[in-house]
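Heads up, the thing below is written out as structure tokens.
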Amino acid sequence: MPLIAVIKRECDTCQRVVPVLAQIRQRTPLELHCQDDPTFPEALGGSLDDTTLDRSWQLRIETVPTLIRFEGEREVERIVGWDRAAWERVAQQSGLGPGLPEFQPGCGSKTQEPGMPERLALKHGDLALHSRHIEVPDPEDAIEVAYDRGWSDGLPVVPPTPLRVARMLSGTSRSPAEVIGIVPPNLVECTVEKVAVNAVLAGCLPEHFPVVLAALEAALDPRFSMHGLLATLWFSGPVVIVNGPIAKRIGMNSGGNALGQGNRANATIGRALQLVIRNVGGGLPGEIDRSVFGNPGKYTFCFAEDETDPEWMPLNVSRGFARGTSTVTLFHGDGVQGVSAQRSRTPEALARSLAMGLCAVCHPKLAEWSNAILVVSPDHYAIFKEGGWGRTEIEAGLREALRRPGRDLVQGAHGVEEGIDPARAEQMVDKFNEGGLLVVRAGGRGGLMSAVIGGWSAQRKKSEVQTVTREVGR
């Protein structure tokens, strides 16, 4: 079988090379396969039927027409599209295609149509899924089965069929069998495939998947203490902040309503992380998850930082990554507290006003007790920028505005029993440990307001519990 050609009727280039195929066949055996209509080309008596695309998949066809030369069973050369010189070399014939241009690109193979690579990979065993298969017989509803089996966070989930999981896996170059880490609380090994199953359940697209993987890796970093966060009585859960080009590429929201509903990437990436912890690790509310209240962010809490101002230092750059790197930062956060600062018109005044809102994190008299995120709105940022303040100045201004005399914070002061150690009464005390306040830009215009996301009280143990940033891979 010296030559094989793969074509399809709906391809203009394939139609134009029919006379060339006839020329070749006069002198050399030619095996002809058609992906969409085996009666084409009629002038050659039709083709071998490859409408199942099995032969095209075996030959790794990505473009039609493709002409391949074999020596025995070994492929020695191939050409895609029409290129006279290349076709003459592969066919080992001269004078091919009189009247045709020297070059004309081909068309996409039907093996590359949406969902088809995954379908064929599953069919031919190139992708073997190892997750347990569960048949849902008619007339049962797959979504209700997911509820009944405890795979849901309380909202409907997308049934993770093999094809959907395969398509999710196409979003990464990592092996489905690669172990990402050990998921608490049950300390279960979690493979890329298992993450893909839960990303499907959450409603992610394949292009979201690398961010989900990075978020999970950050959550499983021992410094993040995911097990402790699960078991806390406090409100907190993982907050995912995305930086870098990938945020724009996958359509994440960093603008109006960035902390709310309405954006698929924001909503599903955070949800996928939570579902992995639930379904793989066994982190179930009422069991290991002992939060007294919880917060709506435990469904999902994920947003992108606004990096539209090139003069702004993004969060990940401040944490040691190169500008332009795509990262996720995982923070232990509770709900959102709005801070209205309508009258401050200088950076100094605005820092003092925002600091008053930040003082309330955990409790106004609890210092160095937790971390926090300050999400600075575009209108507040404009005031800082006009006054010449960037990240360094904002962080320094907030830290200074948050420092308070220890005597105002000790237990019993002003009749309130909460507070710091009385031995610190004569000290000036910071509200947050160094590096514990993350400043992030996000939100929409139209209001002189910013947002505070309080942190987990265990963050007072700075050496044990930390915010973690990971680079997003492929």
### Output for region 235-252, where each listed residue is among the charged types (D, E, K, R) and in a loop (DSSP other than H, G, I, E, B)
none
### Query
Looking at this structure, is ASP306 surrounded by 23 or more Cβ atoms within 10 Å (Cβ to Cβ) and in contact with a Pro (Cβ under 8 Å, 6 or more places away or on another chain)?
yes
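Test LEU120 against the criterion of being open to solvent by less than 80 Å² (accessible area, probe 1.4 Å), assigned to a loop (DSSP other than H, G, I, E, B) and over 30 Å from GLY297 (Cβ atoms), and give yes or no.
no
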### Message
Quick check on my filter: what residues within region 1-22 are over 11 Å from PRO65 (Cα atoms) and without any contact (Cβ under 8 Å) to a residue 60 or more places away in the chain?
### Response
ALA22
### Message
I'm trying to understand the selection: among the residues of region 36-54, which are within 34 Å of the chain's Cα centre (by Cα) and buried (at least 16 other Cβ atoms within 10 Å of the Cβ)?
### Response
LEU53
### Query
Is there any pair linking a residue in region 166-180 that is touching a residue at least 40 places away in the same chain (Cβ under 8 Å) to one that is of a type in the set (D, E, K, R) and open to solvent by 60 Å² or more (accessible area, probe 1.4 Å), with Cβ under 7 Å and at least six apart or on different chains, and which?
THR172/ARG474; SER173/ARG474
#### Entry: Failed item, numbered, when LEU127 is tested on (1) open to solvent by 50 Å² or more (accessible area, probe 1.4 Å); (2) modelled with pLDDT under 95
(1)
### Query
Of the numbered conditions (1) more than 15 Å from LEU259 (Cα to Cα); (2) open to solvent by 10 Å² or more (accessible area, probe 1.4 Å), LEU350 satisfies every one except a single condition; which is it?
(2)
### Task
Answer yes or no as to whether GLN459 is crowded, with 23+ Cβ neighbours inside 10 Å and either at pLDDT below 95 or in contact with a Cys (Cβ under 7 Å, 6 or more places away or on another chain) (or both).
yes
### Task
Among the candidates ARG441, ARG445, single out the residue that is open to solvent by 10 Å² or more (accessible area, probe 1.4 Å) and within 30 Å of THR232 (Cα to Cα).
ARG441
### Query
Does region 24-35 include one or more residues that are closer than 30 Å to LEU127 by Cβ, open to solvent by 10 Å² or more (accessible area, probe 1.4 Å) and touching an Asp or Glu at 6+ places or on another chain (Cβ under 9 Å)?
yes
### Task
Inspect region 274-297 for any residue being surrounded by 17 or more Cβ atoms within 10 Å (Cβ to Cβ), in contact with a Ser or Thr (Cβ under 6 Å, 6 or more places away or on another chain) and not basic (Lys, Arg) and give the result as yes or no.
no
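Would you pick out the residues in region 207-225 that are under 9 Å from the mean Cα position of the chain (by Cα), crowded, with 19+ Cβ neighbours inside 10 Å and more than 16 Å from VAL179 (Cβ to Cβ)? Even if it seems obvious, please write down each step before you answer.
From region 207-225, those under 9 Å from the mean Cα position of the chain (by Cα) are 207-215; that's our starting set.
Restricting the remaining residues to those that are crowded, with 19+ Cβ neighbours inside 10 Å gives 208-215.
Across region 207-225, the qualifying residues are HIS208, PHE209, PRO210, VAL211, ALA215.
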### Query
In region 155-191, how many residues are part of a loop (DSSP other than H, G, I, E, B), open to solvent by less than 50 Å² (accessible area, probe 1.4 Å) and more than 25 Å from GLY115 (Cβ to Cβ)?
2
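Does GLY255 satisfy the condition of being in a loop (DSSP other than H, G, I, E, B), of a type outside the set (Phe, Trp, Tyr) and open to solvent by 30 Å² or more (accessible area, probe 1.4 Å)?
It is false that GLY255 is in a loop (DSSP other than H, G, I, E, B), of a type outside the set (Phe, Trp, Tyr) and open to solvent by 30 Å² or more (accessible area, probe 1.4 Å).
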### Task
Report whether or not ARG223 is charged (D, E, K, R) and part of a helix (DSSP H, G or I).
no
### Message
Test of understanding: among PRO310, PRO245, which residue is out of contact with any strand residue (DSSP E or B) (no Cβ under 9 Å at 6 or more places or on another chain) and more than 26 Å from PHE209 (Cβ to Cβ)?
### Response
PRO310
### Query
Could you count how many residues in region 403-443 are over 21 Å from TRP389 (Cβ atoms) and among the small types (Gly, Ala, Ser)?
7
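Could you please give the count of residues in region 394-403 that are touching a residue at least 40 places away in the same chain (Cβ under 8 Å) and surrounded by 16 or more Cβ atoms within 10 Å (Cβ to Cβ)?
6
Residues checked against (1) among the β-branched types (Val, Ile, Thr); (2) outside any loop (DSSP other than H, G, I, E, B); (3) in contact with a strand residue (DSSP E or B) (Cβ under 9 Å, 6 or more places away or on another chain); (4) not assigned by TED's automatic domain parsing to the domain that holds ARG319:
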position	(1), (2), (3), (4)
HIS414	no, yes, no, no
GLU418	no, no, no, no
GLY435	no, no, no, no
VAL439	yes, yes, yes, no
ARG445	no, no, no, no
ALA451	no, yes, yes, no
### Query
From the list THR111, THR13, THR63, which one is within 40 Å of the chain's Cα centre (by Cα), farther than 30 Å from LEU169 by Cβ and not acidic (Asp, Glu)?
THR13
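The values are calculated or read from the model by the stated rules, or taken from the named source; none is laboratory data. As the structure is a computational prediction, the values presented were derived from the model and not from experiment. When we count neighbours, we look across all protein chains shown, and the Cβ atoms used for this are built from the backbone with ideal geometry, even at glycine. To get the accessible areas, we keep the full protein, side chains included, count just its heavy atoms, and leave off ligands, DNA and RNA. Shrake-Rupley method; radii C 1.70, N 1.55, O 1.52, S 1.80 Å.
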